[in-house]
Structures are given as C-alpha cells and as structure tokens.
C-alpha cells in the first residue's frame, strides 16, 4: 500500500510540473500586461514600462524561455512565485485568500458530501416512492437555480429576519467582524458569518452527489451478489447496506476527488454575493489584470488540490475495492 | 384446478412428510405491456434426499418459481397460492421472517458465479457472514474451522489460505464451489440450484455437478435443480417437471420423461437436442413457431399453436395436469393424452422429420475438393504490461500457438475447447484479413499479405463472411432489414434492381417472409434475427463463413431450426463453415472435421467420427466424457474422466506438453516417459488408423 502511494505521488509530481509549465506558457502567450500601462493616461514612457515589466519578469520583449527559467529559479530557490504587474508579490496574496476560501469551502464541501450521499442512499432504497419523488424534485430545483439567485434570496430573507427580530443574527458580508480575544465569542461570530454562504454552497453542491449516488446504488442494488447475500439470510436492507453500498461508493470517491479544485476556485459567485475575499474572486481579478504570475500561481494551487483529491480518491478506492489493492 | 391429490408424483412408500409443498403457485408481474403471467399454477412436493429437476426454455417460469420459494422476487411480483415448508406457510412471511429460513433451511445456488459473490469482500468474510447470520454465538475459531471444512468439502485446495482471497482471484468454477459452500454452510433442508453450471465449461461443469451431489449426500437435503440442459438433468434428477409458458406440462420420474414422454412438447424438446453420443442419423426436428407471449395468452393450450397434434379442443380450453392412465406416477397436461398412450405415439409419429438437401459435393472425396482456407503455423500473442507512465512488457500470453488447419469446399470444420483455449481468437485472427504475427493464412490459395490492393481486399471480403453469437447486438437496431442486407451488396457495387432481387432471394433462402424487409431487428425473435444474420453473411455468395457460437444464445427448440438451415444452405450453396462452439452436441451434429484446442494449440484434429468414436488425446477423452448425454440410463452407468485442477494461465510457458499437469494418463507413465512429456513439446502428427486423424501427444 505504501509503495502504491509513493508510486502515485511520483506520477503526480511529474504531472503537476508539466501542467504548471504549460499554464505558464499559455498565460504568457495570451496575457498582455503591457496593455495595462499603454491604456494609462498619460501614457508612461516606454523605457519606464519596460522597467516595470522587467521587475515583475513579465516583459514580452524578453524571450519567454528566459522568463520561464527566471520564474522557475525563483520558485525553486526562494519559493518566490513572482510579482503582479503592480509589483505585488503574488504568493502572499494567494496564501491569505486560501485561508478564507478554506474556511468557506471546507465545511460546505463536507456537508454536501454527507447530505448528498445520504440522500442518494435514502432515495435509492425508496425508489419511486413519494420520498424519492419529493427529494428528487427538490434537488432538481436546486440544480436549475443559479447560485446568484439563491444567494440573493437568502440574503433578502435573512435581512428580513434581522429586521423583524431587531438584532443582527446573521451577517451577510465577510467572514469575521469580532475583534476581541474571547474564543467563544469569536467562534460564535464566525458561525454567524459562515452560515449563509454555507447554505448556498451546500444547496448547490449536494445535488450532484444525491443524484449520482442514487443512480450508482440503484445499479448495484440489483446485482447478483446482493441477491446471494439475501439468499444467505440477510434481509433486503442488510444486504443493501452491507453489499451494495460499499461497491456503489467507489465511483463517488472519484467524483469527490475531482471536484475539490473547482470547489476552491468555483465559489466566485457566492464569494461575490457575500463579499468574501476568496480565491475565486482573486482568480477572476488576475485574469482581468493580465497578472500572469498570479494566474499561474492559482492554477498551480488548483493543480495541487486536484491531485491531492485524486490521491485521496485512489487511497479510498483501494480501501473500498480489493481488486485495485492487489493488482 | 388441479387437486393436490394428483400432484404427488413419487411419494416415498414409507409415508415420509414432504419438506416442501407447493400448491397452485401463481406469479404475475405488472409490466408496461400488461400483466405478465410468469407462473400459472405449479404444484409439487419435495422430499429429503431427492432431486427434483425443473426443465424448460427461457420464459417458461422455472426461475420465477424458485425465486418465489426463496421469497426473492421483485416487489412488483404478485404471488398467489401456497408454499409450505414443513407445514409452515412461506408466502405470508415478510422479508424479515423469510430471512430466518433463507440460507439456514433453504439455500440457493445461482447461475452466474462470476457475479454471485461481492467483489469487495474476501471469501472468508462472505462465508463467515453466511454462518454468523444464523448462528450469532459462534466463536471466531469455530467460524474459521467450519469455513475450512466447507471449502475442503467443495474441493478448494489450500483452504486456509484461500479464505483471505477475494472473488476475482478465483476462476468461475472455483467461485461456484464457494457459492455451493455458502449454500450448504448451515446444513439446509432444501438446496435450490438455478442453472448452476450453465455458465461453466463442460469439464468444470462435471466437477461442479459432482460437488453438488456430494453436498447433497453430506446434508441429506432435497434439491430443486433448474436447467434448460436435458443432458445435465438426465444425470442428476430423480423426478422431472417440464414447464411451458408458466405451467408444468409433464411430470414423472426421470426415466419415464426421457423414455416414455406423453406430452408433445416434451417429445419435441427431446427431439430437438442433438446427441453427443450418436453419429448424426437424421435432421434435427425444430418445434415450429416461437414460445408464447405471456402477456396476452389466448385461451386454450399454450402449446397448441406449435403442436402438430393440436385440434379444436386444444384451442378451446387449457388442459389440466392430470395423471396418465396406465402409467404409474406420470402426469401430463394434454387433451390428447389418451390417444398418445393408447396408440403408443412417439416423437417420430408426431413430428415430421424433414428431408435434408443433398450436398453439391456429395460423393467427391475431401482430397479432391478445393481448399478454401489454409492456415499454417498461425500465432497470436498479447503482451502483458506493467507500470504507470511507461508501459513495460513483462510477458506474453500465447493466445494462439502454432495452429495449422485447412477447410475445404462444402465442409464444416469445428474448433472446440474450453474458454481460454484460443478458439475464438483463432477465428478473430482470420477475420482480421491482415498478415498474421507469425505463420500464414491463405484464402482460396491466395495468401493474405501485408499490403493488398483494394480489389483483392474486396474479393477477400466477398469470399469470407462471419456470423456472430448474439444476433441482437450484431444487427444495427436502427436499420431496417432491407438496409442491413443491402449494405454488403452496395459495397460490391450492385445496381438497385440487382440488390432488390438479391434481397428477395435471400429472405426466401433463410425461410423468412420477403415482405418483412421494412421491419427492424427488434421486431423479430432471436431465431429469426439469427436467420437475418445468416442472410447478411450469404448476401455476397461467400465461399467460407466463419461462425462464432451461432446458436448458443438460442433456446433448444429454436436452435434446431437454425442448425437445419445452416446445413441446408451448405448443401445447396457449397459454402464451407469454420465453426466455433463450446457445445459438443451441436458440434457432433453439424461438423465434418473437428479440431480440439487446448491453451492455444490444436491437440487433436480429425474427422467427426474419428474424434468422437476413437479419440486419441487424453484431453479429448476427458472433454468427451464430461459432456452430459440426455439419457438417464447412460448417465447413470458411464464413467467420467474428471480432470483435476483448472486450465493453466496462458501466460505460462511450457517446455513440454501444456496438458501434462492435468493429464490423467501422466501418472500411469514411467519416469522416463514422464520426463519426455515435461521436456519435449509434442507435435501434431498422424496417429491411429486414419491418415487425417492427428494428435499432439507422445503416448496416444
């Protein structure tokens, strides 16, 4: 098992390196930071533009390979992911946003998976009964509701609640506002902020797990080995819980793994609605600002997330499925 | 309806109580087309130590009956009647109450061993579950020792270590042994076997049947054995119920059913099966028509539309299953039973045996016929790879290893062997129409070269055609029959008028109504679809047709019709067949020459008569002895050569004879002779009387 993981890890590091390098070349080819300066009024002299771009190592007059090796050297030797066109180091900017994104996304992801998979199992066992139909209807509703609409509805609703009660039970912007040193109050404050965006993210996120897990379990529920288990003397529910569920979880693990990266950078709309300074918004900003180094840095972080998720999925799948473990 | 009194077929004289009483069992399913009446009145009693065989074609309700006893039917099944286990009514029990009996008193062995075990749990865990669910107080040691005992009983070597293995590490036959071990774990009173050997090779089937019989002796259980294979049932059952369209139509002890059947359907079923133990004497007799649609059943006997004896009374009302006068313990559901018994009507009186067409090449000896296909030293290997990014080659699978054979005009050459023997790969390699990895393939004297002109390729395609196993998936469901048949003709550049004429001829040739060319494949039954596939293959007047298991997906009564058609077409058109099948009875009936394959090599090659009557190679002998014969007397007396072990992995390489490890003759040889078997690979050379009878064995 350890050997298996190490082999995987080596594969992933190589893949990651190739992917990040490709992103660097792509970003350098399509983004034009010079235009940021050219559009300024009054336009700065060319020599000064070149100097600024050279400082950030994003001057299109330097050959891209030279820029690439400088950039790579910076990362390898001093963990320096370069500067934005405004001469801001991108690594600390990303790091600070990772923390808010993690706070925002971690809870909602875990909740989405737990709620989605449980609902999938619950409805699969009750296929075509009213519970199944009702929950499917609800999930389909969330599936077609845009995040912005859902976010705004919730904001309006909670403002109404806040106004009605006259106290601020829920905060609709940011992640923190308490400045004191009391841990209990800090946690309460955090919860007051986090609950609304979490509701939005869970509502959007769980649907996928619900609908796919339901299908996977329905597929395995009628498998011959479930019938064998019943013939041994297990009741239908025991047979499903013990024999069908485990096999049906194998494709879900892969599903989860590959959604992790998009969870971090894909919460743009929720971040915007609730005014949270997360990675998603930063990613959009870097692209708008022709920030080559910033965009590549975020892409690298997503790549790490994806591969971490893939590794996690591989380990989970191997744990669930001995056929992978032994081969 | 039938009175319970009538149903006791073979009650033991000592007045023993039956373990299971089934009375007027009816099962309906709601479907979109209407109510499917899958089982319509089944009655029987089951006694300890006895085996009841239930025979029937697909859709006859035999499996549904067994699932109803187990209480494992889908929720949309509506079950009526009564099933009593030791006097205890089962149909009123809910899932929880039934689960107390299931696996403990009533156990079941299913058809497909590959999917019957949960892939993510080890064999030990699954066996443990079967024990613990009914004996929660068992200690860990008791569980392990009982599991080992069970695995040993069903003949799994290294039982202790194998407990930790997972299902995918076992072969199909071994998995079926595990399923049997789980079934007998709690010494059940009843074991229901639903087609337990259908998915297995004959030699493995013989092993598994032996294990089942041993398991029955150990537990003293009553067995319900469900199968469509009359050969298997002849060897294992005491009493037999023949089912048709959801009802038993005949019931008696095994000898009576096989030797003195009275219901025309039973007779037809027995007549439609080719016999592996007899030289072909006449054509097979297919039962005309197709099985009944269970949704809209007309009144009257469901077999009447297919029965040569049917009269008006048969179409008026459905006959009850009643005792046959003058026959002890035999019951039949037929209005004309009295005439059949009184006049002693047999199969040949009722069904008309057709005349076969005389072959174009009748009387021309084989040597003087043109060679259609010549395969010399054909080899095909698949690489075994390992590693992630860079796939390293770590070995080779020798799927086809030095195969040499020829097919002449108007003859049928059959490739036989167990799964993994390379027979299908050989066929696929010929179909590829490209220069093989090693060796040579020639069609009509022209070798297949690496580069061929477009013209040569087209000619090759018009000379060689193929027919696949599953007629459902080999015909495009979205093309009407006309387009399916026109496709190969268009490639050959025929005009529209020529194509129309040819398609009309083709439809008539395969005995289908030419007006139905605008229908889609799904509107035809399995047998008709296979006829369409045959018509498509024959459209371009090929000289050679490659057939891969062409009848194995069909029911016996339909299969006979397709086999007859293939024979007639060969005789009329002089086309040669290269035929791959695992069913040796079909091979015996249809082929002229037989090549027996083992691990990618031909171990014996000879005429039909020589191979079946005077087999030389010990593997051929074992294979033939494992084939069940649909005759209970022969089955009881014949000696089986049961091969030990399993087919070795084809990735192994052998310096000597690949069969030596399983060879029953090997242990009888002297040390020197054994050394020769292990060290020197035997060549395929002429042995025995005939010059064209060859075997690859040093000591045959």
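The values are calculated or read from the model by the stated rules, or taken from the named source; none is laboratory data. Note that this is a predicted model, so its numbers are computed, not measured. Positions of Cβ are backbone-derived with ideal geometry, glycine not excepted, and every protein chain shown enters the neighbour counts.
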Filter result (without any contact (Cβ under 8 Å) to a residue 40 or more places away in the chain, surrounded by fewer than 18 Cβ atoms within 10 Å (Cβ to Cβ) and touching a helix residue (DSSP H, G or I) at 6+ places or on another chain (Cβ under 8 Å)) within segment A:239-261: A:242, A:251
Enumerated helices (runs of 4 or more DSSP H) restricted to segment A:228-327, each holding at least 2 residues that are more than 14 Å from chain B (Cβ to nearest Cβ): A:245-265, A:268-273, A:279-288, A:292-320
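Within 30 Å of residue A:298 (Cα to Cα) and assigned to a helix (DSSP H, G or I) - does that describe any residue in segment A:119-129? It would help to see each step written out before you state the result.
Going residue by residue through segment A:119-129, those that are within 30 Å of residue A:298 (Cα to Cα) are none.
There is no residue in segment A:119-129 that is within 30 Å of residue A:298 (Cα to Cα) and assigned to a helix (DSSP H, G or I).
Which of the helices (runs of 4 or more DSSP H) contained wholly in segment B:431-531 include at least 2 residues that are in contact (Cβ under 8 Å) with a residue 12 or more places away in the chain and more than 17 Å from residue B:545 (Cα to Cα)? Walk me through it before giving the result.
On the way: elements: B:454-463, B:481-491, B:496-509.
Answer list for segment B:431-531: B:481-491, B:496-509.
In the list B:445, B:439, which residue meets the criterion of being more than 22 Å from residue B:409 (Cβ to Cβ) and touching a strand residue (DSSP E or B) at 6+ places or on another chain (Cβ under 9 Å)? Write out each step before concluding.
On the way: B:445 fails: more than 22 Å from residue B:409 (Cβ to Cβ).
Exactly one of B:445, B:439 is more than 22 Å from residue B:409 (Cβ to Cβ) and touching a strand residue (DSSP E or B) at 6+ places or on another chain (Cβ under 9 Å), namely B:439.
So which residues in segment B:160-202 are in a helix (DSSP H, G or I), more than 12 Å from chain A (Cβ to nearest Cβ) and either buried (at least 20 other Cβ atoms within 10 Å of the Cβ) or within 20 Å of the chain's Cα centre (by Cα) (or both), if there are any at all? Spell out the reasoning first.
Quick first cut of segment B:160-202, residues in a helix (DSSP H, G or I) only: B:160-162, B:167-169, B:172-183, B:202.
Subset that is more than 12 Å from chain A (Cβ to nearest Cβ): B:160-162, B:172-174, B:177, B:202.
Those that are in a helix (DSSP H, G or I), more than 12 Å from chain A (Cβ to nearest Cβ) and either buried (at least 20 other Cβ atoms within 10 Å of the Cβ) or within 20 Å of the chain's Cα centre (by Cα) (or both): B:172, B:173, B:174, B:177, B:202.
Among the listed residues B:123, B:133, identify the single one that is within 14 Å of chain A (Cβ to nearest Cβ), crowded, with 21+ Cβ neighbours inside 10 Å, over 34 Å from the mean Cα position of the chain (by Cα) and modelled with pLDDT of 90 or more. Steps first, please.
Details: B:123 fails: over 34 Å from the mean Cα position of the chain (by Cα).
Residue meeting the stated conditions: B:133.
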Selected residue (criterion: farthest from residue B:245 (Cα to Cα)) from residues of segment B:307-342 that are free of Cβ contacts under 8 Å to residues at least 60 places away in the same chain and not in a loop (DSSP other than H, G, I, E, B): B:342
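Per-residue answers, yes or no, for (1) within 12 Å of another protein chain (Cβ to nearest Cβ); (2) in a helix (DSSP H, G or I); (3) over 19 Å from residue B:185 (Cα atoms):
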| position | (1), (2), (3) |
| --- | --- |
| B:75 | yes, no, yes |
| B:79 | no, no, yes |
| B:118 | yes, no, no |
| B:148 | no, yes, no |
Helices (runs of 4 or more DSSP H) wholly inside segment A:1-62 that include at least 2 residues being under 30 Å from residue A:311 (Cα atoms): A:2-30
Flag if residue B:91 is crowded, with 22+ Cβ neighbours inside 10 Å, more than 10 Å from chain A (Cβ to nearest Cβ) and in contact with a strand residue (DSSP E or B) (Cβ under 8 Å, 6 or more places away or on another chain): no
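Within segment A:153-172, which residues are in a helix (DSSP H, G or I), touching a residue at least 12 places away in the same chain (Cβ under 8 Å) and surrounded by 15 or more Cβ atoms within 10 Å (Cβ to Cβ)? Give the steps one after another, and end with the answer.
Kept after step one, since they are in a helix (DSSP H, G or I), are these residues of segment A:153-172: A:153-165.
Applying the additional criterion that residues be touching a residue at least 12 places away in the same chain (Cβ under 8 Å) yields A:154-155, A:158-159.
A:154, A:155, A:158, listed by residue number.
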Residue in segment B:203-212 that is within 12 Å of chain A (Cβ to nearest Cβ), surrounded by 21 or more Cβ atoms within 10 Å (Cβ to Cβ) and assigned to a helix (DSSP H, G or I) present: no
Residue match in segment A:44-51 (condition: touching a residue at least 24 places away in the same chain (Cβ under 8 Å) and more than 14 Å from chain B (Cβ to nearest Cβ)): no
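Where in segment B:571-630 are there helices (runs of 4 or more DSSP H), lying fully within it, with 2 or more residues that are touching a residue at least 24 places away in the same chain (Cβ under 8 Å), under 23 Å from the mean Cα position of the chain (by Cα) and surrounded by 24 or more Cβ atoms within 10 Å (Cβ to Cβ)? If you could, list the steps in order and put the result at the bottom.
Working: elements: B:584-590, B:608-613, B:618-626.
Of the helices (runs of 4 or more DSSP H) lying wholly inside segment B:571-630, those with at least 2 residues that are touching a residue at least 24 places away in the same chain (Cβ under 8 Å), under 23 Å from the mean Cα position of the chain (by Cα) and surrounded by 24 or more Cβ atoms within 10 Å (Cβ to Cβ) span B:584-590, B:618-626.
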Residue in segment B:633-655 that is touching a residue at least 40 places away in the same chain (Cβ under 8 Å), more than 15 Å from residue B:203 (Cβ to Cβ), surrounded by 17 or more Cβ atoms within 10 Å (Cβ to Cβ) and under 23 Å from the mean Cα position of the chain (by Cα) present: yes
Residue count for segment B:677-695, restricted to those that are closer than 17 Å to residue B:663 by Cβ, in a loop (DSSP other than H, G, I, E, B) and more than 32 Å from the chain's Cα centre (by Cα): 2
Subset of segment A:206-227 [outside any helix (DSSP H, G or I) and either in contact with a helix residue (DSSP H, G or I) (Cβ under 7 Å, 6 or more places away or on another chain) or facing chain B (nearest Cβ under 8 Å) (or both)]: A:223
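From the list B:153, B:114, pick out the single residue that is more than 10 Å from chain A (Cβ to nearest Cβ), in contact with a helix residue (DSSP H, G or I) (Cβ under 9 Å, 6 or more places away or on another chain) and in contact (Cβ under 8 Å) with a residue 60 or more places away in the chain. Give the steps one after another, and end with the answer.
Working: B:114 fails: more than 10 Å from chain A (Cβ to nearest Cβ).
So the residue among B:153, B:114 that is more than 10 Å from chain A (Cβ to nearest Cβ), in contact with a helix residue (DSSP H, G or I) (Cβ under 9 Å, 6 or more places away or on another chain) and in contact (Cβ under 8 Å) with a residue 60 or more places away in the chain is B:153.
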